[in-house]
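The values are calculated or read from the model by the stated rules, or taken from the named source; none is laboratory data. Model, not experiment: these values are computed from the prediction. Here the Cβ is made from the backbone with ideal geometry for all residues, glycine too, and neighbour counts use every protein chain on show. These accessible areas exclude ligands, DNA and RNA; they are computed on the full protein's heavy atoms, side chains included. Shrake-Rupley method; radii C 1.70, N 1.55, O 1.52, S 1.80 Å.
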Amino acid sequence: MFSHICIGINDFDRALAFYRPLMQALGIRERFCDPSRPWAGWQSEPGPRPLLLIGKPLDGKAATPGNGQTIALLAATRSQVDAAHQAALAHGGRCEGAPGLRPHYHPHYYGAYFRDPDGNKLCVACHEAEDQAV
């Protein structure tokens, strides 16, 4: 469904220090990093799409988070949700909802919510029953 999602950031080094361990916790490989531009991207396997990109806005203005927007990243297991949430908080993220079941979404929804250092709201979610998660 998605080609790519671009997340606006203001401090590239700070954002990179946040997103690299987060994506590593989810097993998503870095596709490129160009500090001179500045931007970086990660891709799902088997690739080449979708991509998750971070970068400074092309219009040169400050990046600002959208009200009501959440970017949800898929985790294969509940333990990946826990690891991603922990990585996010350890690298400048702010908790918006600890890892746990949220049965009001569906019976097996296990997710965690946090904001990146620029205030963008992210979620990591696993949709599998605990004994079925890969």
All conditions in (1) touching a residue at least 12 places away in the same chain (Cβ under 8 Å); (2) polar (S, T, N, Q); (3) out of contact with any Cys (no Cβ under 9 Å at 6 or more places or on another chain) are true of Thr70 except (3)
(1) touching a residue at least 40 places away in the same chain (Cβ under 8 Å); (2) open to solvent by 40 Å² or more (accessible area, probe 1.4 Å) all hold for Tyr113 apart from (2)
Thr77 - would you say it is under 27 Å from Glu130 (Cα atoms) and within 12 Å of the chain's Cα centre (by Cα)?
no
Flagged in the range 11-61 as under 19 Å from Gly92 (Cα atoms) and assigned to a loop (DSSP other than H, G, I, E, B), in numbering order, are Asp11, Leu26, Lys56
Given the conditions (1) open to solvent by 90 Å² or more (accessible area, probe 1.4 Å); (2) more than 12 Å from Asp116 (Cβ to Cβ), and given that Arg14 satisfies all but one, which numbered condition is not satisfied?
(2)
